[in-house]
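K.L.:
Pasting a structure below so you can have a look.
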Amino acid sequence: MGSQASTRFAQSSKDILMLWHIHAEVAGRGKGGKQRADVLNRAAVIFISACWESYVEDAAREAFDCLLRYSTTPNVFPSKVRTLASRELRESRDERRIWELAGSGWKTVLADHRDVVLENWLKDFNTPKSRQVSELFAELLNLRDVTTSWTWPDMSAEQARTKLDKYVVIRGNIAHRTKHNEAVYKSAGKDFRSHVVRLVEKTDEALGTHLQELTNTSLW
């Protein structure tokens, strides 16, 4: 079935097809067409990266919220996550704060941890590279290096990480310097989109398996 995050990704990423439809019209208008098409190619790379960024954030939040929703005790969360979530309470000089864990208060403490982790990750919003993605899921869900699941025929995990990072760098150059030194071709946008579609598929599978191992329930 997959996550809701993957469904939203599939819907939003379809918009890139409209860019390529426009690309076909623009590129075929003679002199200056290729230059105008290059702008569309750059826009495609930025848009695909944005779709990937949104998926990662949405999937991380959705997975964490699934654990909160289906948990009756905090023990379903990995001990590392519970330790990180309770750090602020343990380090607080106000000893009364420990009572925040009473009743179902532990859910609020964990939700606060979720928000802090996501906020910190979003500070690197422009760089959803393999390392940042891996660190997010590790800190939020204690999922060991999700990028190891990024493998399929003719694509190793290392190759998948390298390819993603290459395109994210290009995206950053386009967005922040307004000019990339090399021409961006339509084939690059298609290749990037195809790669990210695979990454979403593999990441979703890894998250689903991890959640099932924690809860003994298939959550998506």
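K.L.:
Out of all the residues in the stretch 194-220, which are over 21 Å from ILE16 (Cα atoms), of a type outside the set (D, E, K, R) and without any contact (Cβ under 8 Å) to a residue 24 or more places away in the chain?
P.N.:
THR209, GLN212, ASN216, SER218
K.L.:
Still on this structure: If a residue must be polar (S, T, N, Q), within 12 Å of the chain's Cα centre (by Cα) and more than 16 Å from LEU199 (Cα to Cα), how many such residues does the stretch 121-155 contain?
P.N.:
Final tally of qualifying residues: 1.
K.L.:
Is it the case, given these coordinates, that ALA60 is in contact with a Lys or Arg (Cβ under 9 Å, 6 or more places away or on another chain) and at pLDDT 75 or above?
P.N.:
Yes; evaluated as a whole, the condition is true for this residue.
K.L.:
Name the residue, out of GLU139, GLU158, GLU182, that is surrounded by fewer than 17 Cβ atoms within 10 Å (Cβ to Cβ) and modelled with pLDDT under 90.
P.N.:
GLU182
K.L.:
Taking the condition within 26 Å of the chain's Cα centre (by Cα) and modelled with pLDDT under 80, does TRP20 pass?
P.N.:
Yes.
K.L.:
Out of the residues in the stretch 63-105 that are closer than 24 Å to TRP121 by Cβ, among the small types (Gly, Ala, Ser) and in contact with a helix residue (DSSP H, G or I) (Cβ under 8 Å, 6 or more places away or on another chain), which is modelled with the highest pLDDT?
P.N.:
Residue satisfying both the conditions and the ranking: ALA63.
The values are calculated or read from the model by the stated rules, or taken from the named source; none is laboratory data. The structure displayed is predicted, hence computed values, not measured ones. Cβ: placed from backbone, ideal geometry, glycine included. Neighbour counts: every protein chain shown.
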